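Notes follow the structure.
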Amino acid sequence: MKNKILVLTLAAALGAGGLFAYQSHAETTGARRAPGALLQRAKEKLGLTDAQTAQIRDVLKGERETLAALARTGHDARIKLRQTIQKDGATETEIRSASAEVAKAQADMAVERHTVFGKLKPILNKDQLEKLAAMQEKVDSFMDGAISSFEDRLGQ
């Protein structure tokens, strides 16, 4: 059981680190997504109308500053945690403290995501909500497979 927790923790850490490294690399090489690309993709996948897209865009614009500030806080906390983990002579207390800052940032972002979703949900119809849930299940399934694969590779 202890090994499984360690493997899952390591998988999550490496996955998050890899995601941020990839994103950072993409930004430095000019591969950033065009503004509105995510909303355009959602429009296609969920079958959003132009009116729904405009409403969603308005909600997101209204939450822009809050989301950006929370994202920055979370990113800064993850950087501090990584630096603490890699610091020579770091103590368990320092690592736990830096980790708690990441957890707080994630909790703050989760609360904001709940607020935003509460504003977006009434814009979507039943079919679109079902498609969204199916998309989320697909992502969860993909991550479950990636973690299992990673765990298998570590066992070799």
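All of the numbers you see were taken from the coordinates with simple rules; none came from a lab. What you see is a predicted model, and the numbers here were worked out from it, not measured in a lab. Virtual Cβ from ideal backbone geometry, glycine too; neighbours counted across all protein chains shown.
Quick notes on this structure:
- Cross-link partners of residue 80 among lysines (Cα-Cα below 30 Å; sequence separation of 8 or more within a chain): 2, 4, 61, 104
- FRET E, pair residue 146, residue 50, Förster distance 35 Å, beta-carbon r, rounded to 0.05: 0.45
- Over all other residues within a Cβ to Cβ distance under 14 Å of residue 102, the charged ones net out to +2, with Lys and Arg as +1 and Asp and Glu as -1.
- Summarised in one figure, the compactness ratio Rg/Rh of the stretch 34-124, Cα atoms and Kirkwood Rh, is 1.16.
- Neighbourhood net charge (15 Å Cβ-Cβ; Lys/Arg +1, Asp/Glu -1) for residue 62: +1
- ³J(HN,Hα), Karplus 6.51/-1.76/1.60, whole Hz, each residue of the stretch 141-156, x for Gly, Pro: 5, 4, 5, 4, x, 5, 5, 4, 4, 4, 4, 4, 5, 5, x, 7
- Applying the Karplus relation 6.51 cos²θ - 1.76 cosθ + 1.60 with θ = phi - 60° to the stretch 106-112 yields 3J(HN,Hα) values of 5, 5, 4, 5, 4, 5, 5 Hz, where x marks Gly and Pro.
- Environment charge of residue 76, counting only residues whose C-beta is closer than 13 Å and scoring Lys/Arg +1, Asp/Glu -1: +3
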